[in-house]
Amino acid sequence: MKRIGFLSFGHWGPLQGSGTRTAADALLQSIDLAVAAEELGIDGAFFRVHHFARQLASPFPLLAAIAAKTSRIEMGTAVIDMRYENPLYMAEEAAATDLISAGRLQLGISRGSPEPALDGPASFGHVPLQDETPADMARRHTEEFRHALTGGGIARAGTGYHGGGPAALLPVQPSSPGLGERIWWGAGTRATAVWAAEQGMNLMSSTLLTEDTGVPFDQLQAEQLRLFHGTWNQAWNGAGAGHGRRPLTSVSRSVLPVVDDEDRYYFGQQGPADNHDQVGVLDGAMSRFGKSYIGEPDVLAEQLAADEAVQAADTLLLTVPNQLGVAYNAKLLANVAKYIAPALGWTAAASAAGEAHGPVR
């Protein structure tokens, strides 16, 4: 593991104890947390996208705002549900955001997850074609998005346009060179990880896999990463097969170091209950949920060092309890960065501000 980012689900609502009571709170605090994370040397600020829920929904204004207020940290999504997206408009939004960030955008996309709406994509005007499943539609949108993002021709030129002759196909604008190699597919199974490799996308894997073989979550996820890399090498790194780019992988974990009374108040009783994998049925499939890491920093460092998938991945995304506010989550990230992440092979980015000399309380 070489990089660490935070992952916020952007929850908001007028709940007791919530520090994000409105959508404005969630958005503005997301920007502030990204700024604080950059000062700590954290490598990335990532956000989950949900529709028809009190969570972050339209990511590009938020990511552009973070880009404008930071200079080093990457910003991205984990993930965008491609069933909902207009591929061409998304390509324009993504390229513009990446240009504002000077090439720091990392986009995680996928076929989506269970949601409150019965058929949310249809309400957005997107319905599968004949004999096409919703997952097929998400993959079709992905293909069209990536084609547009990399400058592929889209629309026939009008009769008054002389830029490329009457047969020219016009690309969407603007374009941002290199962004096409910073697209990640959120894979919930080993098979979808293989598909992502075949398509030439990076891999995101979260704290949930929608399959179960009876082995611990970290081992199943590590197998998923191995299959991804093996497929990539066959598809792209063989003689004459392509560019030979090394693909990137990320995994997500809930890591909550307990160092003071505030931490114990929020999570002290939660550790024993969540310190093991859970298996259940999700969306009709037997699924395995990864455990949470809650406890003293030295214990968590030892446990994460033994997590096979964390060790195999390039990036670890730390899910944060965003409703506890910016100050609490900045403290959480500072304690992970100082006392846990170094044991996993991570070092803070050079622009990190200052050195902490004890747990942040």
Only unsatisfied item for residue 43, checking (1) under 22 Å from residue 207 (Cβ atoms); (2) out of contact with any Asp or Glu (no Cβ under 9 Å at 6 or more places or on another chain); (3) touching a residue at least 40 places away in the same chain (Cβ under 8 Å), is (2)
Residues being farther than 23 Å from residue 189 by Cβ and among the charged types (D, E, K, R): count how many of those fall in region 275-299.
2
List the helices (runs of 4 or more DSSP H) inside region 249-330, counting only whole elements, that have at least 2 residues being more than 20 Å from the chain's Cα centre (by Cα).
261-267, 270-274, 297-305
Quick one: in region 35-49, of everything that is within 16 Å of the chain's Cα centre (by Cα) and either more than 22 Å from residue 332 (Cβ to Cβ) or of a type in the set (Val, Ile, Thr) (or both), which residue is surrounded by the most Cβ atoms within 10 Å (Cβ to Cβ)?
42
Just checking, how many residues over region 252-262 are without any contact (Cβ under 8 Å) to a residue 24 or more places away in the chain and surrounded by 14 or more Cβ atoms within 10 Å (Cβ to Cβ)?
0
Any residue at all in region 328-345 that's touching a residue at least 60 places away in the same chain (Cβ under 8 Å), buried (at least 23 other Cβ atoms within 10 Å of the Cβ) and in contact with a Ser or Thr (Cβ under 6 Å, 6 or more places away or on another chain)?
no
For residue 115, which of the numbered conditions (1) in contact with a strand residue (DSSP E or B) (Cβ under 7 Å, 6 or more places away or on another chain); (2) under 30 Å from residue 4 (Cβ atoms); (3) of a type outside the set (A, V, I, L, M) fails to hold?
(1)
Among the residues of region 70-80, are any closer than 21 Å to residue 328 by Cβ, under 19 Å from the mean Cα position of the chain (by Cα) and surrounded by fewer than 22 Cβ atoms within 10 Å (Cβ to Cβ)?
yes
Could you tell me whether any residue of region 233-249 is touching a strand residue (DSSP E or B) at 6+ places or on another chain (Cβ under 8 Å), β-branched (Val, Ile, Thr) and modelled with pLDDT of 95 or more?
yes
Under the condition of being in contact with a Ser or Thr (Cβ under 8 Å, 6 or more places away or on another chain) and of a type outside the set (A, V, I, L, M, F, W, C), which residue from region 15-34 is surrounded by the fewest Cβ atoms within 10 Å (Cβ to Cβ)?
29
If you check every pair at least six apart or on different chains, which have Cβ atoms under 8 Å apart with a residue in region 93-107 that is among the β-branched types (Val, Ile, Thr) first and a residue that is outside any loop (DSSP other than H, G, I, E, B) second?
97/60; 97/63; 97/64; 97/67; 97/105; 100/64; 100/67; 100/68
Mind checking whether some residue in region 220-235 is surrounded by fewer than 20 Cβ atoms within 10 Å (Cβ to Cβ), among the polar types (S, T, N, Q) and part of a loop (DSSP other than H, G, I, E, B)?
no
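The values are calculated or read from the model by the stated rules, or taken from the named source; none is laboratory data. All values reported here derive from a predicted model rather than from experimental measurement. Backbone-built Cβ (ideal geometry, glycine too); neighbour counts: all protein chains shown.
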